[in-house]
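The next block holds one structure in the form of structure tokens; read it before the comments.
The values are calculated or read from the model by the stated rules, or taken from the named source; none is laboratory data. Owing to the predicted nature of the structure, the values given are computational and were not obtained by experimental measurement. Every residue, glycine as well, gets a Cβ built from its backbone with ideal geometry; the counts of neighbours run over all protein chains shown. These area figures cover heavy atoms from the full protein model, side chains too; ligands, DNA and RNA do not enter into them. Shrake-Rupley method; radii C 1.70, N 1.55, O 1.52, S 1.80 Å.
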Amino acid sequence: MADNVSKKNGIVLLLLLLLIGVFGVHRFYAGRIGTGIIFLFTFGIFGLGLIYDLILVLTQKLKDGEGKNITFD
């Protein structure tokens, strides 16, 4: 596995985003606790953050808490 690829599973991340993303659970899973709390209290930044995160996840550009890309591999 490459040095810049996270051990987190992209499919799990996508499912969490689609099912309960409004609560920021996908951000907590990715290790991004701070933005997870923001998502939790703003209902996914009023939906706009969910769309942004969906694009990041589908293009495999969302990074985990260590700054590594989360992929579907």
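Worth pointing out:
- Rolling a 1.4 angstrom probe over the chain with all protein chains present gives an accessible area of which 70% lies on carbon and sulfur atoms.
- Distance between the C-alpha centres of region 46-65 and region 3-23: 9 Å, rounded to the whole angstrom.
- Compared with the dominant Cα axis of the chain, that is its longest principal axis, helix 10-20 is turned about 10°.
- Across region 1-44, the relative contact order, built from alpha-carbon pairs under 8 Å that are at least six residues apart, equals 32 percent.
- Per-residue packing, averaged as other Cβ atoms within 10 Å, sorts the ranges 6-14, 45-53 into the order 6-14, 45-53, beginning with the highest.
- The C-alpha atoms of the chain define a longest principal axis, and helix 33-46 lies at about 50 degrees to it.
- Labels on offer are (i) 1.39; (ii) 1.00; (iii) 1.25, and the one holding Cα Rg over 2.2 N^0.38 Å computed from this structure is (ii).
- Nearest-20 debye value, the chain charge dipole, Cβ charges on Lys, Arg, Asp, Glu: 60
- Here is how the number arises for the chain: DSSP H runs of 4 or more residues each give -39500 (n - 2.57), the sum is divided by the residue count, and the result at 222 nm is -16500 deg cm²/dmol.
- Relative contact order %, region 13-69, counting alpha carbon pairs below 8 Å whose residues are six or more apart: 33
- Relative to the longest principal axis of the Cα atoms of the chain, the long axis of helix 48-58 makes an angle of roughly 20 degrees.
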